[in-house]
Each structure stands twice: as structure tokens, then as C-alpha cells.
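The values are calculated or read from the model by the stated rules, or taken from the named source; none is laboratory data. Just so it is clear, the structure is predicted and the values come from calculations on it, not from any experiment. When we count neighbours, we look across all protein chains shown, and the Cβ atoms used for this are built from the backbone with ideal geometry, even at glycine.
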Amino acid sequence: MLQDVLLERDIYASEEHKMMQHMIQDFIKNDIIDHLDEWEQNGMVSRDIWKRAGDLGLLCMDMPEKYGGSGLDFSFNALFIEELGKQGISGPGFSLHSDIVAPYLLKYGTEAQKQNYLPKMASGELITSLGMTEPNCGSDLKAITTHAEDKGDYYLVNGQKTFITNGYMCDLSIVAVKTQVGTANEGISLLLIEASTDGFEKGIPFKKIGMKSQDTCELFFDNVKIPKENRLGEEGMGFKIMMTELARERITVALNAIGGAEGAIEQTIAYTSTRTAFKKPIAGFQNTQFKLAECAAQLQIHQAFLDRCTVLLANDKLTTESASIAKYSATEMHGKVVDECLQLFGGYGYMWDYPIAKMYADNRVARIYAGTNEIMKLLIARGLFKTLFQDMKTKKKTL
């Protein structure tokens, strides 16, 4: 079996991690698995699953206890992400909520903002989203057109966001807007916008290739009045904040990828051990053995690197380049592993009733969101040639 081949991972070896792993596995078995088909048909999960996760302390685990969190380190969040990935569970946008939105509030929010939102986020009472992407700009966040006009003690927001995870169910969204339209840099700011605010509308969830139970949709803002106290961080600092926090988002995508790859391999080992062809198990053929050996090797290598990145992230030492390497390499590996595994299922691998088919459809977007893998390679290259780029900028200024 796969676990007989892979090394034990020190990052999850403590008794606390093992207890948490068992609780997460029970949560998935008892509260999630039986609802997957229903969620896919509805295009979203239930609010009950959010509250159940909150009751178990699985949301915002690395947030301080005074704000409703468990005060654990990021490795517990990582464990949760991987366990969901192993089972191919993409519907509940827990990671976006706990690992991206919560840190934004914790690091850049006022005390009033933290007290108002974080405890409800930890309990699952409040579901959150992050509004960055727009119809005419993806990875180029500086090109957003959603803007907020300064009206003295409030902003007047107009614009549109798209591909928003948790968009339809969200009660609160952190929205990137331009607050200095017409100036040289058109500074980007972040605003906390509650779903109940007049003029804030949501589109219906998209019909996607995969992640069918994830409520991804558009958000619309038509003369939405937002008090100045709902700004997150300083005016014009939104782009810098987003760039700083993207490393964490990319690690969460990479963690989901290695969890998904592990789950795909485990399922394929089980299937090929019982499915027969030419009067013997498919696992008895050398090609099957070699393909799964290759997959296991790639998984082990990526687990080791992601464990290191997780520790660095927990200690605020993870670099942009390392996060980009992790996201790019792990998602590429995941795609190849699932493709190889589906092939070993034969025709049944193409049937939606088989989890491997859903994994195949779900994992494709990981090479697109949180910054495309082409952008990841660009960021890695910039790190490799940092001195050269700095020299080129200096020369340009002196001309």
C-alpha cells in the first residue's frame, strides 16, 4: 500500500496532529461524503456544513483564541487542506475563508474589524470571499476597473468581480478597488463589503468543468456606499497587501494538489488490485506497477518540499519564489498523476460516478487560479535574475 512506501512526515507526527487527522477524517466520512451528489446538483454546499466545521474548531485554526480561533500553527490548516484534497472534496471553500481572508483581517484589520468578523468566521456563522479577479483582468491585478469614489466619510463603489470562490454564499467579501482613479498610480485599496449592503448583487453560480459544488460566481457593485471604517489597511496599500499574502494562497493550492495526488494514487492501487484483465489483476502488469511507482516517487518528493514550505510559512519566512515553485510544481505533478491514474481505470475512469473522474475535472483549474503557472514561472525567473533586472532599471533611470 502507498503508506508502506512513503516516509512518515515529521510535520504531522505529533499526537495533536494525529488526533486532528482522525477528527478530520471522521468529519469527512460522517458529514460530507453523503452530501456530495446533492451539493453538485445545487451548485453549492449547505450552510450547515460550515457551522459543523466551526463547531469542530476546523475553521481559522491558526487564529488566536481571543478571536475565536484555536491558536494552533499553520501545519494544522495544512493537514485539513490535504485531507480534503485526498477525498477530492472541492465544494466547501474552507481554505479561502480560513487561510486567505482570515489572515488579511488578522494582519491588516482594525481591532473593531477583528472583533466584529473573526469570531463569526471561526464559528462558521459568517462565510467570506475575496473579490480580486475581474472579467477583463486575471493575473494582472493592477488592471482592475472596480473603483471607489471618495465621498468624505464613505466610498461609493461601482464595478464587477468574477470567478469568486464562495461568492454566492458569502456574507462578507474583501474587495479590491481603485480609490485614486485619475492619479499616476490609481492606488488600489481593500474594502470590507457585507453582502446585505444595498447595491451589492451576486450572479448565479457558474456551471464549471469541475468543482461543481463550489459556489463560484460574479459580484456586482452598483453605487454601493461603504463607510471609511470598512477599509482594510491604509488607502492605496491594497496591491502591496495582496502581493504579500499571495504566497500563503499559493501554498494552500499546492497542499491541496499533493493531497489530491495521494488520494488518486490510493484509489488507483485499490482499483487495479481488484479489477482483472486477461485473467489477472491489472496491478499484476508491469506497466501498471511502473506508472504507479513513478506517481508515488513524484508525490514523495513534493511532500518533502511542501513540508519545508509549510514550516517556513508558519514562521513568516517563506519567499515569493519558493511559494511560486511549490504552486507551479505541485499542480503540474497533480495533473500528471491524476491523468495517469485515470488511464489505469480504463473506460470507468471516464464515468462521473467514479471519484477519479471528478478529480480529473477538479484539478485542472489549480494551474490557473491563485496566479497561472505561467505567472509562477515568471516570478521564479525574476528571482533568478533579480540583480540583472535591478541593473536594467537603474540604467533606464539614468538615461
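Taken as a whole, the condition of being touching a residue at least 12 places away in the same chain (Cβ under 8 Å) and in a helix (DSSP H, G or I) applies to residue 17.
Quick check on residue 252: is it free of Cβ contacts under 8 Å to residues at least 24 places away in the same chain and among the β-branched types (Val, Ile, Thr)? No.
Taken over segment 234-248, the criterion of being among the acidic types (Asp, Glu) and either buried (at least 21 other Cβ atoms within 10 Å of the Cβ) or under 15 Å from residue 317 (Cα atoms) (or both) is satisfied by 245 alone.
Rundown of residues vs (1) assigned to a loop (DSSP other than H, G, I, E, B); (2) assigned by TED's automatic domain parsing to the domain that holds residue 211; (3) within 30 Å of residue 58 (Cα to Cα), yes/no style:
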| position | (1), (2), (3) |
| --- | --- |
| 121 | no, no, yes |
| 149 | no, yes, no |
| 152 | yes, yes, no |
| 155 | no, yes, no |
| 173 | no, yes, yes |
| 177 | no, yes, no |
| 180 | yes, yes, no |
| 185 | yes, yes, no |
| 192 | no, yes, yes |
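Checking segment 45-61 against the condition returns a match, with at least one residue being touching a Ser or Thr at 6+ places or on another chain (Cβ under 7 Å) and more than 30 Å from residue 111 (Cβ to Cβ). A single member of 232, 172, 219 is of a type in the set (A, V, I, L, M, F, W, C) and in contact with a Lys or Arg (Cβ under 6 Å, 6 or more places away or on another chain), and it is 219. The residues listed here are 116, 158; of these, the one that is out of contact with any Asp or Glu (no Cβ under 9 Å at 6 or more places or on another chain) and either surrounded by fewer than 20 Cβ atoms within 10 Å (Cβ to Cβ) or over 18 Å from residue 371 (Cα atoms) (or both) is 116.
From the list 235, 201, the lone residue that is in a strand (DSSP E or B) and either touching a strand residue (DSSP E or B) at 6+ places or on another chain (Cβ under 6 Å) or modelled with pLDDT under 95 (or both) is 201. Within the option set 166, 136, being more than 14 Å from the chain's Cα centre (by Cα) and either under 23 Å from residue 218 (Cβ atoms) or modelled with pLDDT under 95 (or both) holds for one residue only, 136.
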